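Below is one structure, written out as structure tokens; comments come after it.
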Amino acid sequence: MMNWLSQHRLALGLILGRFARAPFSSLLAMLVFGVTLSLPLGLYTLIENVKAVAGNVRLEPQITAFLSTGAEVGDARQVESRLKKLRAIKQFHFIPRDQALHELLQSTGLADVAAGLERNPLPDAFVIEPKSFNADELDTLRNELMKLPKVDKVLLDTAWAERLNAMLRLGRDIVLILAVLLGFALVVITSNTIRLQILSQREEIEISTLIGATDAFIRRPFLYHGALQGLGGGLAAWLIVSLGLQLLNVGITDLAKLYATQFRLLPLDANYNLSLLLFSSLLGWLGAFLAVGRHLSRTGPRA
């Protein structure tokens, strides 16, 4: 056991020494690795932020029936009595046009605009919660509501949120495909880098072979090289995305203030960051494993 640990410590120390002797080329390789990884990581971070916002949106179907602008109080009461008779409706409530305008102006921070309006442009409305979430039954209910007197328009309020969720799912699929393609490219890049390392140390490897070095002994330093390069690339990707979020948040914060709200892009949590470092290290290790395996297959196996 102690011999096994000493061999790994020796291999790790050897690779760290090589990094120290050529810091610029080592950092450049890690930076290339990190820039490549930062693209899918940044896209995924943006998708998760949009997903968090969409998660706060009410997704249970709600139907809003808008009355015509010329509807009177008696018309609203007539519609209310008809709504009470529809079995497909679970509950509903009436929103007068004055209340709707007040809430709109308060939520947008444009309360002073009301003074310049000659009349209230908003109609009275009924917000309806159906009993069933079935798409066909919702369409049937919407058609019935359109037939009511003085009902001008009927909207399914959460249809946009469902479309947003569908686009988010599509975005995650695109990020996954992009991550797989770029991961394959990083494996190839790391493999070529390790292959150049092997060629530059061919004489050392041959001498080690002559004195009885095993394949595992020869492979071990290069595997550490690939894994550490991947780890450094993962850290670089995390730093690039974190810096990008900070820069974007400057403009996003100013934009959110104009709409009297607060919103900031948040980084991924620790579990995602740990997964990133493990994934990037694995990519580097795999590239090194393929490069060394190809070299060893040409020279023949050793015990």
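The values are calculated or read from the model by the stated rules, or taken from the named source; none is laboratory data. These numbers come from a predicted model, not from an experiment. Positions of Cβ are backbone-derived with ideal geometry, glycine not excepted, and every protein chain shown enters the neighbour counts.
Quick look at the numbers
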quantity	calculated
Flag for L105 being at pLDDT 85 or above and either of a type in the set (A, V, I, L, M) or assigned to a helix (DSSP H, G or I) (or both)	no
Where a residue in segment 190-214 is within 16 Å of R294 (Cβ to Cβ) and its partner, wherever it lies, is at pLDDT 70 or above and of a type in the set (V, I, T), with Cβ under 6 Å and at least six apart	I205/I218
